[in-house]
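The next block holds one structure in the form of structure tokens; read it before the comments.
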Amino acid sequence: MKIAHASQVLSALDHKETVCAHGNIVQPEYLNLIEEVSRKGWGSTFWGREGSVNWFHIPLSAPVMRNGARLKLSRVFVNYHNTSRSPITAVHLYDGTRLVMALNDLQLYGDHTKGTDKSNSWILKTPSEVTGGLGISISVQFPQSTDNNTARWILFTTAGAEFRLEP
């Protein structure tokens with residue numbers, strides 16, 4: 001009886017849903033600005049054309065209701081690995097055509113494939129109801145190089161969103 005009671009308490013406290021998409025789903029906005037794409041079991045790597053900026057789009061199915069109550073988007077994350085020669089400069093979040101969040105003037109790089117951290121996870125200041133499909137759009141800069149051996153690539157392994165049931 002105690003185990004059932006503890007399980008009911010834990011279930012009542014668990015008011016969140018998380019949805020994820022594998023990195024193989026990521027699509028660049030401008031295909032002509034991509035020099036090479038490699039899709040493997042662990043994700044997608046894109047090599048950008050020197051001196052370009054490209055947006056990468058990740059669609060997520062969004063749970064709208066849970067037991068008749070509306071869920072609100074509270075956090076998104078993107079697991080990636082890139083170099084300082086291919087920084088993420090913006091992250092935009094869309095509910096259908098509605099812009100939910102825009103983070104601009106970023107310079108994010110490094111290996112962020114092992115879990116969430118302050119460089120790949122963003123909490124919404126005000127949780128938002130989602131009524132359509134959820135889209136994460138990521139701007140990546142591939143600057144001019146002064147040396148021919150500088151890597152300009154980004155690997156996406158997964159992306160996700162957390163929804164909470166607000167009382």
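Within segment 58-67, one or more residues are within 30 Å of SER145 (Cα to Cα) and at pLDDT 95 or above. Tell me whether segment 155-167 contains one or more residues that are open to solvent by 20 Å² or more (accessible area, probe 1.4 Å), of a type in the set (S, T, N, Q) and farther than 20 Å from ASP111 by Cβ. Among the residues of segment 155-167, not one is open to solvent by 20 Å² or more (accessible area, probe 1.4 Å), of a type in the set (S, T, N, Q) and farther than 20 Å from ASP111 by Cβ, which makes the answer no. Scan segment 85-104 for residues that are outside any loop (DSSP other than H, G, I, E, B), within 12 Å of SER139 (Cα to Cα) and either without any contact (Cβ under 8 Å) to a residue 12 or more places away in the chain or open to solvent by 40 Å² or more (accessible area, probe 1.4 Å) (or both) and the total you get is 2.
Just wondering, is there one or more residues in segment 66-84 that are assigned to a strand (DSSP E or B), open to solvent by 30 Å² or more (accessible area, probe 1.4 Å), in contact with a Pro (Cβ under 7 Å, 6 or more places away or on another chain) and over 25 Å from LEU33 (Cβ atoms)? For segment 66-84, residues assigned to a strand (DSSP E or B), open to solvent by 30 Å² or more (accessible area, probe 1.4 Å), in contact with a Pro (Cβ under 7 Å, 6 or more places away or on another chain) and over 25 Å from LEU33 (Cβ atoms): present. Evaluated against (1) farther than 22 Å from LEU31 by Cα; (2) part of a loop (DSSP other than H, G, I, E, B); (3) open to solvent by 50 Å² or more (accessible area, probe 1.4 Å), GLY115 falls short on exactly one condition, (3). Just name the residue that is modelled with the lowest pLDDT out of those in segment 12-52 that are under 24 Å from PHE77 (Cβ atoms) and part of a helix (DSSP H, G or I). By that ranking, first place goes to LEU13. In segment 135-150, of all residues being outside any loop (DSSP other than H, G, I, E, B) and open to solvent by less than 40 Å² (accessible area, probe 1.4 Å), the one that is farthest from ALA69 (Cα to Cα) corresponds to PHE142. In the condition set (1) open to solvent by 10 Å² or more (accessible area, probe 1.4 Å); (2) in contact (Cβ under 8 Å) with a residue 24 or more places away in the chain; (3) not basic (Lys, Arg); (4) not in a strand (DSSP E or B), TRP55 is compliant with all but (4). Scanning segment 16-36 for residues that are polar (S, T, N, Q) and in contact with a strand residue (DSSP E or B) (Cβ under 6 Å, 6 or more places away or on another chain), which turns out farthest from ARG66 (Cα to Cα)? Out of the qualifying residues, it is GLN27. On the basis of being part of a loop (DSSP other than H, G, I, E, B), exposed (fewer than 15 other Cβ atoms within 10 Å of the Cβ) and touching a residue at least 40 places away in the same chain (Cβ under 8 Å), does GLY132 make the cut? Here the answer is yes, as GLY132 does meet what is asked. If you go through segment 104-122 and keep only what is within 12 Å of the chain's Cα centre (by Cα) and among the hydrophobic types (A, V, I, L, M, F, W, C), you end up with just TRP122. When TRP122 is tested against (1) of a type outside the set (A, V, I, L, M); (2) assigned to a strand (DSSP E or B); (3) touching a residue at least 60 places away in the same chain (Cβ under 8 Å), just one condition goes unmet, and that condition is (3).
The values are calculated or read from the model by the stated rules, or taken from the named source; none is laboratory data. In this text the structure is predicted, and so the values were computed from the model without any measurement. When we count neighbours, we look across all protein chains shown, and the Cβ atoms used for this are built from the backbone with ideal geometry, even at glycine. For the accessible areas, the whole protein counts, side chains as well, though only heavy atoms, and no ligand, DNA or RNA atoms are used. Shrake-Rupley method; radii C 1.70, N 1.55, O 1.52, S 1.80 Å.
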